[in-house]
Structures are given as structure tokens and as C-alpha cells.
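K.L.:
Starting off with a structure, shown below.
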Amino acid sequence: MSMTNTRPLLPGLSAKYGQWTEWAYLLLRVAAGLMLIPHVWLKLMAGPAAVAVNVMAKRGVEPALAAAYAAIIIELAGAILITIGLWTRPMALILVLEFLVIAKTHLVAGWGVGIGGAEFVVLWLLVYLFIMCRGSGPYSVDAALGKEF
């Protein structure tokens, strides 16, 4: 059944649903951007060399140092660009690719579901996939510039 054929439970609110949808998407996009900050913060504090040795190489990601730099740059740029809604689709695509690699390394390491598992990685992968498909939305720098990828 199509969503356009459904009737709202509270018909008096139906005029507000479109606006609420846009505000909810803004909240999702900003949260997805800001949640990258703790993800990258530890990498920034430890430094690329420590990340390469203690994370990348241990998970079989080679060349480890290049991967550490790439992860730091991607996550830092992603935190900024996704949050403000600038070049959202290309950045979300890059994050989808990164999180695919992270999910693969989690699954290869035997970290299925549970502590240290892949479920959070897969969830974030799907969130960035949705953002990639949806774009910046009306409340974004892209919208203010009048141009979106």
C-alpha cells in the first residue's frame, strides 16, 4: 500500500507532517555528522602512527599508515560536511565506502553482534546510505547556495 493512500491517525496534524519530516531529517543528518566526532577524536588524540599500529595493522588493513591518515581525514571532513550539509552526497558516499570496509574488518575479525560487533557499524553505514540518497535537505549549506550534488 502506498504511503499516499494512508490516512493520518490525527487528520488535524496532516498539514504539519511535511515540515516535521524535514526537521526530523535535519536532526538525523546533524546527529550523523556530529557522531563522527567521537569516532575520529580518539584517532586524532592518538595520532596516525598509533592508529596504524594499534588498529589498522591489527585488523589486517594495509598499508596501515595510509589507511589511518585516510580514516582520520574522511571522518573529520565527514563530521563537518555532513553536519552543515555541504557536499553531502559525495561525502556520504565516501563514508558508506569507509563503513563497508570497517564492517568487513569487523566481520573478518569474528566480531559479529555484541560487544565490539558490527551492528553499530552497519547501522551507521545504512544511515550514511540514506543520507547519500536523500541529499542535504532544505536546511543545509547546499540549499543556501542553491546547488546540490
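K.L.:
Please determine whether any residue of segment 18-39 is farther than 22 Å from Gly137 by Cα and of a type in the set (A, V, I, L, M, F, W, C).
P.N.:
No, there is no match, as no residue in segment 18-39 is farther than 22 Å from Gly137 by Cα and of a type in the set (A, V, I, L, M, F, W, C).
K.L.:
Show the residue pairs meeting these rules: Cβ distance below 7 Å; 6+ apart or different chains; first residue within segment 8-24 and without any contact (Cβ under 8 Å) to a residue 40 or more places away in the chain; second residue of a type in the set (Gly, Ala, Ser).
P.N.:
Pro8/Ser14
K.L.:
So, in segment 84-104, how many residues would count as being modelled with pLDDT under 95 and β-branched (Val, Ile, Thr)?
P.N.:
Number satisfying all stated conditions: 2.
K.L.:
Take Leu107 and decide whether it is over 13 Å from the mean Cα position of the chain (by Cα) and on the phi < 0 side of the Ramachandran plot.
P.N.:
Yes.
K.L.:
Mind listing whichever residues of segment 105-149 are in a loop (DSSP other than H, G, I, E, B) and modelled with pLDDT under 85?
P.N.:
Step one: filter segment 105-149 for residues in a loop (DSSP other than H, G, I, E, B), giving 109-118, 135-140, 146-149.
Matches in segment 105-149: Ala109, Gly110, Trp111, Gly112, Val113, Gly114, Ile115, Gly116, Gly117, Ala118, Phe149.
K.L.:
Given the criterion touching a His at 6+ places or on another chain (Cβ under 6 Å) and either at pLDDT below 95 or closer than 18 Å to Phe99 by Cα (or both), identify the matching residue among Glu22, Glu75. If you could, list the steps in order and put the result at the bottom.
P.N.:
On the way: Glu22 fails: touching a His at 6+ places or on another chain (Cβ under 6 Å).
Within the list Glu22, Glu75, the selection yields Glu75.
The values are calculated or read from the model by the stated rules, or taken from the named source; none is laboratory data. This structure is a prediction, so every number in the text was calculated from the model and none was measured. Please note: Cβ atoms are built from the backbone with ideal geometry, for glycine as well, and neighbour counts cover all protein chains shown.
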